[in-house]
Amino acid sequence: MKRLIALIRREYWENKGAFRTTPLVIGGIYIAFLLMSIFTTTHIDSDLYTFREAVRVMGEQPDALRGTIMYQGMLGSSVLFTVVMSFVVFFYLLGALYDDRKDRSILFWKSLPASDTLTIASKLITAMVLAPLTFLVVMILTHIIMALIGSLMVLSADANPWTLFLSVVNPFKAWAMIAASWFAQSIWALPVYGWLLLVSAFAPRVPLLFATLPPLVFAILQTWIEFLRTFTLKNNIVGVIGNWLFNSPAILTAEVHDGHGEIALGVPLTENFDHTVTLANILDRLFSVQMLAGLVIAMVFLAGALWLRHRATDN
Amino acid sequence: MTPIISARGLTKRYGRTIAVDHIDLEIPPGRIVGLIGPNGAGKTSALKAILGLCTFDGELSVLGKNPSRDRAALMEDVCFIADVAVLPRWIRVWQLIDVTEQIHKGFSRKTCMEYLAHTKITPDQKVKQLSKGMVAQLHLALVMAIEVRLLVLDEPTLGLDILYRKQFYTSLLNDYFDEDRTILITTHQVEEIEHILTDLIFIQDGKIVLESSMEEVERRYLELMVHPEFAEQARSLKPMYERELFGRHIFLYDSVDREQLAALGEIHTPSVADLFVATMKRGES
């Protein structure tokens, strides 16, 4: 356990830019946009006339509506974090078992009494737990800072931020939903994580090509052969991967129409799952046949990665 | 006493090339063994097999374990420097010490810091900011602070200046080495290690061409320096190797009577470097 934690800390140190700086930049962008809009507002309208009017109109709306808007706004703001985090984790895993082979530091890591299984476990846990955790902490901080700035604005317009927008929403519920969707996503994404680790352990160079070309070539062949046989276009492997992606438990879209907000998990293409954000809907796909198949595939990939890592040296 | 390393028919193939060719080897505890061979002789391949860094054919047991299967368990009692400059470049010195301390039970932070105190390395530096020599110093400080039964050093002092190399081998001998520990060293700078070695192994084309203790080397091999007029006589005693230096002929003999040679000229124990050259030349012919 002590060794596993040491290895995970090592992953964090090596990838501080990805796991710490990246979410901080996203949070910074949100806060910068908020400050810019405040600056613009006060610049055009120094008496805050329009702003006061907006606060007054908002205050006249029922609490429930304000609550929904706040809640959906919070969930919606997670989308950028989710998308960027997916890229961060993708490239992290792609380099996880490749970079130390390339710079030969694998010879040092293998001189320590940590087994290859433990090493791969540390990388997988980093992707599945550490990455969502750091993004979550930074996102919560961003929400708190934005709420503080918003409150100061509302106070300066002589209104009460607590009754206006703070008390109408339960932020913990929003954070819990986002956290649940991210950790569910970690499990849902296991086959892809396994594939990336396998490629990372295998690729002699440019792991990105080795990760993306085989499924692409396979899909083209599949489509072509299928087309020659039946003269119709059916679901190929890219379709399967696409379908999998669109059934993600990560919150990926947010729309608010006349107070009837709609936040969906993935982009519903098929009717396999319900995509409205509830805890049950987030977790249901983890107990599906698809997930079971995904776990089996992930196991095969991870076993392959372990086999390769065991044989890996610096050349 | 059970040997630290025991190999029987150890073979390593890369495709069709045979890097290590059916080596039999037994290294008891409490020795400092020099593994010496020309480039491409199979030293590194043999070491990699011993350290569990590659698969191999034949039998190999290190501290009673199969290195390929039990690498992680083996590394509790084995430490190695595979090559200089393999420390991760992104890591900071304190992080490196931290992670080693967490993973290695036998690591002493105090000892490591003592070794580092003799260098210009500071805890907050990144490995990529250090010079090549400093990286080697850092790696040596880490390794010397770990209590293990077998230490393997593959060209450990590459890039270090003479002062530090001398200091390193002195502390290796005085502070580190004891009768329970075994050290296996490969290097091209044979002169620097010959006085600390207890055993010598020469490897050529994947085969062991000489395996002997230093005492046996002293008993068996003699170097004779003669004036040209005695050269023919000396040659008739079948030397392994002959060379000329300042108009004098120097012959190297394997198991020839000391008295007989002393009559012809000056005799002394050959240096490991000269013995190496002689053995390699004999192997080539």
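Taking amide H positions as modeled 1.01 Å from N, with prolines and chain starts lacking one, the residues under 5 Å from B:Gln204 and 5 or more places away or on another chain are B:Val209. The charge dipole of the protein assembly as shown, taken about its Cα centre with unit charges on the Cβ of Lys, Arg, Asp and Glu (plus for the first two, minus for the last two), comes to roughly 960 debye.
Listed by chain and number, the lysines whose C-alpha is less than 24 Å from the C-alpha of A:Lys16, apart from same-chain residues fewer than 8 away, are A:Lys2, A:Lys102, A:Lys110, A:Lys123, B:Lys126, B:Lys128.
How would A:Val57, B:Val217 line up from fewest to most surrounding beta-carbon atoms within 10 angstrom?
A:Val57, B:Val217
For B:Lys281, the aspartates and glutamates whose Cα comes closer than 13 Å to its Cα, not counting residues fewer than 8 places off in the same chain, are B:Asp205, B:Glu242. Positive-end ranking of A:Thr50, A:Thr278, A:Ser115 along the dipole of the stretch A:2-311, with charges on Cβ about the Cα centre, is headed by A:Ser115. Residues A:Ser111, B:Ser236, ranked from the fewest to the most other C-beta atoms within 10 Å, line up as B:Ser236, A:Ser111. What aspartates and glutamates sit close enough to B:Lys166 to cross-link, taking a C-alpha to C-alpha distance under 18 Å and skipping anything fewer than 8 places away on the same chain? By straight Cα distance, B:Lys166 reaches B:Glu114, B:Asp154, B:Glu155, B:Asp175, B:Glu191, B:Glu192, B:Glu194. A simple rule links phi to the HN-Hα coupling: the Karplus curve 6.51 cos²θ - 1.76 cosθ + 1.60 with θ = phi - 60°, which for the stretch B:59-68 gives 9, 8, 10, 10, 6, x, 10, 7, x, 5 Hz, with x for Gly and Pro. Extending 7 Å from the Cα toward the beta-carbon at both B:Lys126 and B:Lys281 defines two label points whose distance is 5.1 nm. Each residue of the stretch A:45-59 was assigned a 3J(HN,Hα) from its phi angle through the Karplus expression (A = 6.51, B = -1.76, C = 1.60, θ = phi - 60°), giving 10, 5, 8, 6, 5, 4, 5, 4, 5, 4, 4, 5, 4, 4, x Hz with x at Gly and Pro.
Using just the helices of the protein assembly as shown, give the 222 nm mean residue ellipticity in deg cm²/dmol: DSSP H runs with n ≥ 4 each add -39,500 (n - 2.57), and the total is spread over all residues, rounded to 500. Before the final figure, lay out the partial values.
Working: 25 runs with 309 residues, N = 600.
So the helix-based figure for the protein assembly as shown works out to -16000 deg cm²/dmol.
Only the Cβ atoms of Lys and Arg (+1) and of Asp and Glu (-1) were treated as charged; on that basis the dipole of the stretch A:1-157 about its Cα centre amounts to roughly 840 debye. Measuring between their Cα centroids, the stretch A:26-57 and the stretch B:16-35 lie 75 Å from each other.
Dipole check for chain A: with +1 at the C-beta of Lys and Arg, -1 at the C-beta of Asp and Glu, and the Cα centre as origin, the magnitude is about 1560 Debye. Neighbour counts of other Cβ atoms within 10 Å put A:Trp307, B:Trp90 in the fewest-to-most order A:Trp307, B:Trp90. Using the Karplus relation 6.51 cos²θ - 1.76 cosθ + 1.60 with θ = phi - 60°, the per-residue 3J(HN,Hα) values for the stretch A:130-146 come to 4, 4, x, 5, 5, 5, 5, 4, 5, 5, 4, 4, 4, 4, 5, 5, 5 Hz, with x marking Gly and Pro.
Toward the positive end of the charge dipole of the stretch B:216-284, with +1 on the Cβ of Lys and Arg and -1 on the Cβ of Asp and Glu, the farthest Cα among B:Pro239, B:Met280, B:Gln260 is that of B:Met280. Among beta bridges from DSSP that stay inside chain B, the antiparallel ones total about 70%. Amide H contacts of B:Phe80: B:Val152, each under 5 Å away and 5 or more positions distant or on a separate chain (H built 1.01 Å from N in the peptide plane; Pro and chain starts excluded). In the protein assembly as shown, what % of DSSP beta bridges are antiparallel (nearest 5)? Counting only bridges with both partners in the protein assembly as shown, antiparallel ones make up about 70 percent. Peptide B:100-108 is shielded by partner chain Cβ atoms: per residue, an average of 4 of them sit within 10 Å of its Cβ. A protection proxy built from the mean count of other Cβ atoms within 10 Å ranks the segments B:5-15, A:4-14, most packed first, as A:4-14, B:5-15.
What do you get for the angle between helix B:132-144 and the principal long axis of chain B? Use alpha-carbon atoms, 0 to 90 degrees, nearest ten. In chain B, helix B:132-144 runs at an angle near 80 degrees to the longest axis. Per-residue shielding of A:13-20, expressed as the average number of other chain Cβ atoms within 10 Å of the residue Cβ, stands at 2.
Per residue of A:2-9, other chain Cβ atoms within 10 Å of the residue Cβ number 3 on average.
FYI, it's all coordinate maths here, none of it is from the lab. As the structure is a computational prediction, the values presented were derived from the model and not from experiment. Positions of Cβ are backbone-derived with ideal geometry, glycine not excepted, and every protein chain shown enters the neighbour counts.
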